[in-house]
Amino acid sequence: MNYAQNYKDEFMTYLEDGRYSFSNNLSENSIRPFTVGRRNWLFSDTPKGADASSIVYTMVEMAKAHDLNIYKYLNFLLERLPGAVMSDAELSTLVPWNETVQDICSGTM
């Protein structure tokens, strides 16, 4: 009861907008593969390795969130090799919500 009383304001947010979920099960389930596979990522023992891993995980999760075939999307990105000097307009052609990207990379694995 103390927990519910202490977080009453946060819990009331659920009543303000029906789109809010009362549990975080979806969030927890989406990160479960990362927590289960933690031992496999021992190569991330440097900041650069961790940064590289987080970029790849983000690309994969974004592809999943937009119902893209992960292999096709990563292949698509690697063929176009985004560079540090790309304009925002050029980068916008690589995002998973871009219609062309969806046409090329649609379908789950």
Ignoring ligands and nucleic acids, Leu26 exposes an accessible area, probe 1.4 Å, in Å² to the nearest 10, of 150
Distribution output for the chain: share of Cα-Cα pairs per 5 Å bin in percent, first bin at 0, values 2, 10, 14, 15, 14, 13, 12, 10, 6, 3, 1, 0
Residue span Arg80 to Asp51: 0.36 nm per residue of separation minus Cα-Cα distance leaves a gain in nm of 8.4 nm
Expected sort for 49-58, 8-17 on mean C-beta neighbours within 10 Å, highest first, is 49-58, 8-17
Here, Phe11 and Glu99, labelled 7 Å along Cα→Cβ, have an inter-label distance in nm of 4.7
For the chain the mean separation of alpha carbon contacts under 8 Å (6+ apart) over residue count, i.e. relative contact order in percent, is 21
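The values are calculated or read from the model by the stated rules, or taken from the named source; none is laboratory data. The model shown is predicted, which means the values in this text are computed figures rather than measured ones. Note that each Cβ is placed from the backbone with ideal geometry, even for glycine, and that neighbours are counted across all protein chains shown. Protein only, heavy atoms only, side chains kept; ligands, DNA and RNA dropped before computing areas. Shrake-Rupley method; radii C 1.70, N 1.55, O 1.52, S 1.80 Å.
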